[in-house]
């Protein structure tokens, strides 16, 4: 007996019951999430890991005037999958015209994305930055609104070159993800002509013979460099490198100057208003002033706002799309004029070859946005932000 | 020979003096710039010299000339108020309070009404300038910014940045009459005859709508050399005194565009400072002043020769400008 346990909550926002329905489904697998997600050793929280639902609700809240004008009724549902049974039948319950936002661990995500592709459902990756998901998992229904590591690192390296910090010491962790991300960083460094002084792997062991690899002073010694780039996916060791480098040099990457999709201290482009709205739009659950959307939340917000904003930019095609029982999300995402106002000074749109949302990247510290990439003088013949991430000729995924 | 040289020298000197004198009289103006981050007002003249700096309020933004000749109305966004400033006595003569997040202003002098957008509250307010009473609250989309009222005082147009909409209200009954769908992030609205011009900051264009049918008539897409489309982020739109030229500040593209109002042809792009957004034109129609929001300066352009004449430092984040005849 196959028991399907689908926890499905329906949050229908009260609008007049006419016009096209806009279906948004958020897929999670809460029984697969580690309770220690975002935490380092001893339960120390090092990364914000929140469910993306709040950001989705914010996007729907922001869109209500647009939806009224275009005669659209949003239907936001959540689907928490039971990992002990087949995903296929559970996912088949999703409305065929939906925008499906998937917020699950990476291996599960790959499985779910493939099933959703068979179901022909527009799928959004809001969580995983692994460039491989944009290369080998090249699915016609799969879109990425969270930047790829390649975009983050390209932004960071542009900043290094712009600052004249060309000699880079790379320090990375021992994990599989650390190795893969260090390779991606290397691709970015060579793309923009930086010099790698050396690449070193740290260990968490305190064993005295390992001191060249476990003491920040030693692991950053015996080399000449302008800056230390740290790859530490788990945030275990990298946090201790700043202020203890052998040479007085800045630290960038996963610590120090960090490339991000969104930040609470962006001052321009209307960002303070968006941050304020995120904290206060839900009067029953207001957030403190220190809170802002994580990159995954911002990616969720971006995906829904891409649909909302495109209603304004698709011209006469909007009317024919709205003249249906439900809005066909794929038609919107595939439309050449699909665009979104990202509150980062430059509009976002979809890269046709790998369906990645093109967007500026913020270079941030704990309490400041130091720069917004692309940096000046990094020029692209077609799109201002396409110096960030895999450009069409470099991409193995060619969906266009 | 010596005598001839002396005469020539004196003549040249006289011409030079006359030229300077003429230039000064022709271009003479006094302008006020609100600086949103430094919280002050600066007074500049036609040579770009700052006569004085007046600390004014928290985050002064939109400004409009008041009912009296020497009055300037200043929206203080973080103080939720509008100040009535006398430019001669340099005194704040009146304060209109409880105007939540007051941002952009429009005035209808015949009926003595002030229209103000309340940025964080998805609305605009109509204020009676004589009594200070609130006459109406007009609901808009999120982040209302640009606001304009027709000369006859019958219609008001309000752009909501987040919503991508311009809400149209009957300015007598205060009932909403239409909603105009715009491109991304509509910022400023400007009226000329029966046309509504709307700048779309993230759509990199200016759209033109009919104020009768509310239908889109045309659009202007900007493309100065060396910039990609996404870098063009137009904000302020201003018509010259004769209504033949439109000026559009192109934001991150660091240029201002001169547009022929009739043909909609872009006649010239002029390089200014970083993130050009606020615009003012002198009463004699000779000078265009451009505020550059990221480089904290302003550029004075000679409209006739279409060349930048002067570039000078402003306060922190110059936002709006009001130009008075001297």
Quick one: work out Rg over Rh on the C-alpha atoms of chain A, Rh as Kirkwood radius. 0.98
Return a whole-number percent for the relative contact order of chain B, with Cα pairs under 8 Å and 6 or more residues apart as the contact set. 12 percent
Can you give me the angle between helix B:2-27 and the longest principal axis of chain B, using Cα atoms only, in degrees from 0 to 90, rounded to the nearest 10? 10 degrees
Shielding by partners - mean other protein chain Cβ count within 10 Å, residues of A:382-390: 2
Taking 8 Å as the Cα distance limit and 6 or more residues as the minimum spacing, I'd like the relative contact order of chain A as a percentage. 20 percent
What is the Cα centroid distance between the range B:212-268 and the range A:377-400, reported in whole angstrom? 29 Å
Starting from the Cα of residue A:377, step 7 Å along the direction of its Cβ; do the same at residue A:49; then give the gap between the two resulting points in nm. 4.1 nm
Compute and list, largest first, the equivalent-ellipsoid semi-axes of the range B:99-221 from the alpha carbon gyration tensor, each √(5λ) rounded to a whole angstrom. 22, 16, 11
Exercise: per-residue mean of other protein chain Cβ atoms within 10 Å, A:301-313: 3
Could you please rank A:138, A:397, B:76, placing first whichever residue has the fewest other Cβ atoms within 10 Å of its Cβ? A:138, A:397, B:76
Any idea what the alpha-carbon Rg over 2.2 N^0.38 Å comes to for the protein assembly as shown? 1.05
The rounded separation in angstrom of the Cα centers of the range A:163-184 and the range A:34-53 is 23 Å
Span per principal axis, largest first, for the Cα atoms of chain B (Å): 81, 45, 34
How tilted is helix A:149-163 with respect to the longest principal axis of chain A? Cα atoms for both, answer in degrees (0 to 90, nearest 10). 50 degrees
Give the relative contact order (percent, whole number) for the range A:151-259; include only Cα pairs under 8 Å separated by 6+ residues. 31 percent
Footprinting proxy, A:73, A:215: sorted fewest to most Cβ within 10 Å, the residues are A:215, A:73
Quick one: Cα centre-to-centre distance for the range A:317-369 and the range A:96-130, in angstrom? 17 Å
Order of B:214, B:174 from fewest to most other C-beta atoms within 10 Å? B:174, B:214
Could you state the angle between the C-alpha long axis of helix A:176-191 and the longest principal axis of the C-alpha atoms of chain A, as a value from 0 to 90 degrees rounded to the nearest 10? 80 degrees
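Quick note: the coordinates plus some simple rules give every number you see, no bench work behind them. The shown structure was predicted, so the numbers you read here are calculated from the model rather than taken from an experiment. Every residue, glycine as well, gets a Cβ built from its backbone with ideal geometry; the counts of neighbours run over all protein chains shown.
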